[in-house]
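Colleague: Sharing a structure below in structure tokens format, with a few things to ask.
The values are calculated or read from the model by the stated rules, or taken from the named source; none is laboratory data. None of these values were measured; they are calculated from a predicted model. When we count neighbours, we look across all protein chains shown, and the Cβ atoms used for this are built from the backbone with ideal geometry, even at glycine.
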Amino acid sequence: MRKLLMVLAVLASVVAATVSPAKAVTGNYQEDFDHPYVVLIAFYSVDTGDFMWRCSGSLLNPTTVLTAGHCTDQSEGATYAIVWAEQDAGAAYDPVTDTPAPSGYPYTCNPEAGPCSESSAIVEYGYGGAVYLQGDNKDVGLVFLQDPIEVSEYAQLPSPNFADTLSTGTPVTFSGYGVSSEPHVTSFRERLEATGFLINNHNKTTAGYNLLVSNNPGAGRGGTCFGDSGGPLLYGDTDIVLAVTSFGTNGNCAGTGYYYRVDQPDVLVWIAESIARYA
């Protein structure tokens, strides 16, 4: 969430915003060993080699990662990515010997540190470089991998319009590699998970494109924060991805968050067509 809305990608330098992309799992979180398909993605400029930002994503199959459109925004220079699939991805790298990049991530994949792959293609659904509270910002993207990443299970896509059948209070699970904002802003670079609940799936601020979900840490729950952008919003304790983490309206990652729906029929068709072309 940029400018007024908070986009939750973690940039090369953190910039405060009122509305911005989603961040790391925060509140009452725990280390996530339950979702091996949730991955960390570091984006770079293929022209300069500069680190751009980091996001989270979900492996749909060994060579396809589902993430947010603002993460794959090539107009901002994100033309190359490295993907890690381990709970402490990135954190295991020695900043002196293995990680010379200013970003804190290596320039190349190091399989000895855990499952990883470089990107073969990055595609977007049509993200327009802005966040909309009352419209379709097409905030979904895909990263295709040069080398397959084999995990014990993969994320599942929902049936068309599945979220329309859900009611307020439906349990959801967050997973991602973002920062924690409680009590201090801390970058774990670890896969964390937390639970929350659905507030609304179709009102004037979601417009049928987003899900509005609680990010409050009360009653043992949690939410998303910077770096969690693109990570999955899972239906209950299943592997079904209802939406990808998109943006929030609170700079401290509290209150509510918005998650771009992947159960939209046109989105599901675009994902299938892209997989047929690039995977």
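Colleague: Since residue 26 meets every condition but one in (1) buried (at least 24 other Cβ atoms within 10 Å of the Cβ); (2) modelled with pLDDT of 80 or more, which condition does it not meet?
Modeller: Going through (1) buried (at least 24 other Cβ atoms within 10 Å of the Cβ); (2) modelled with pLDDT of 80 or more one by one, residue 26 breaks only (2).
Colleague: To continue, here is another question. Just a yes or no: is a residue in region 132-139 at pLDDT 90 or above and surrounded by 17 or more Cβ atoms within 10 Å (Cβ to Cβ)?
Modeller: Yes: one or more hits.
Colleague: Restricting to region 1-18, and then to whatever is under 18 Å from residue 233 (Cβ atoms) and in a strand (DSSP E or B), can you tell me which residue is modelled with the lowest pLDDT?
Modeller: 5
Colleague: Could you list all residues from region 143-175 that are part of a strand (DSSP E or B) and surrounded by 19 or more Cβ atoms within 10 Å (Cβ to Cβ)?
Modeller: 143, 144, 145, 172, 173, 174, 175
Colleague: Do you know which of the residues in region 256-279 that are aromatic (Phe, Trp, Tyr) and within 14 Å of residue 210 (Cα to Cα) is surrounded by the fewest Cβ atoms within 10 Å (Cβ to Cβ)?
Modeller: 260
Colleague: Take the residues in region 38-67 that are assigned to a loop (DSSP other than H, G, I, E, B) and modelled with pLDDT of 95 or more, then tell me which one is surrounded by the fewest Cβ atoms within 10 Å (Cβ to Cβ).
Modeller: The residue in question is 62.
Colleague: Also: When residue 259 is evaluated against the numbered criteria (1) over 15 Å from residue 70 (Cα atoms); (2) at pLDDT 90 or above, which criterion, by number, is the only one it fails?
Modeller: Against the list (1) over 15 Å from residue 70 (Cα atoms); (2) at pLDDT 90 or above, residue 259 comes up short only on (1).
Colleague: What tally of residues in region 212-246 results from selecting those that are closer than 22 Å to residue 143 by Cβ and at pLDDT 85 or above?
Modeller: Total meeting the criteria: 15.
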